[in-house]
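Here's the structure we're looking at; comments come further down.
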Amino acid sequence: MNTKHTAGLLGRNIKPINKYPILYAGRNTHIAQIITRGMSDEEAEANADFLVLAWNTHDELVAALESLLHSYHTHSMMPVDCFPNMWEATRVALAKAKSE
């Protein structure tokens, strides 16, 4: 699986999404077209905003998870069972974010 996505911040056209449904990453680089059939205008707008936010913060979230795990493994001052499932959940989330 190719884990490299198109570089750049994701943007969207002006509102409303049901009239201007394109998400883009740079000039003339259309990434997705949002299909809004069957959802309210409010839900469609929220979904488009979520996709843009998730795309634009992905690298920072991956870096934060990596830093958290690195810090735990190298500087842990708390017992593993202090947060029973947190470390495994962090590893799973990081693997999913990196498509591993």
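Return the residues of the range 34-48 that are of a type in the set (D, E) and in contact with a Lys or Arg (Cβ under 8 Å, 6 or more places away or on another chain); say none if nothing qualifies. Show your work before the answer.
Residues of the range 34-48 that are of a type in the set (D, E), as a first pass: 41-43, 45.
Matches in the range 34-48: E45 only.
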Item to check | Filter result (open to solvent by less than 50 Å² (accessible area, probe 1.4 Å) and among the hydroxyl-bearing types (S, T, Y)) within the range 10-29 | outcome: T29
Next on the checklist: I need every pair where a residue in the range 77-100 that is farther than 15 Å from H58 by Cα and among the aromatic types (F, W, Y) has its Cβ under 9 Å from the Cβ of a residue that is surrounded by 10 or more Cβ atoms within 10 Å (Cβ to Cβ) and at pLDDT below 75, sequence separation at least 6 or different chains.
Outcome noted: W87/Y72; W87/V80
Item to check | Filter result for the condition that a residue is in contact (Cβ under 8 Å) with a residue 12 or more places away in the chain and loosely packed, with under 11 Cβ neighbours inside 10 Å, over A7, A48, A32 | outcome: A7
Checklist entry - Taking N28, is it outside any strand (DSSP E or B) and at pLDDT 85 or above? => result no
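The values are calculated or read from the model by the stated rules, or taken from the named source; none is laboratory data. Being a predicted model, the structure only gives us computed values, none of them experimental. Reconstructed Cβ throughout: ideal geometry from the backbone, glycine too, with neighbour counts over all protein chains shown. Each accessible area value is taken on the protein alone, full model and side chains, heavy atoms only, with ligands, DNA and RNA left out. Shrake-Rupley method; radii C 1.70, N 1.55, O 1.52, S 1.80 Å.
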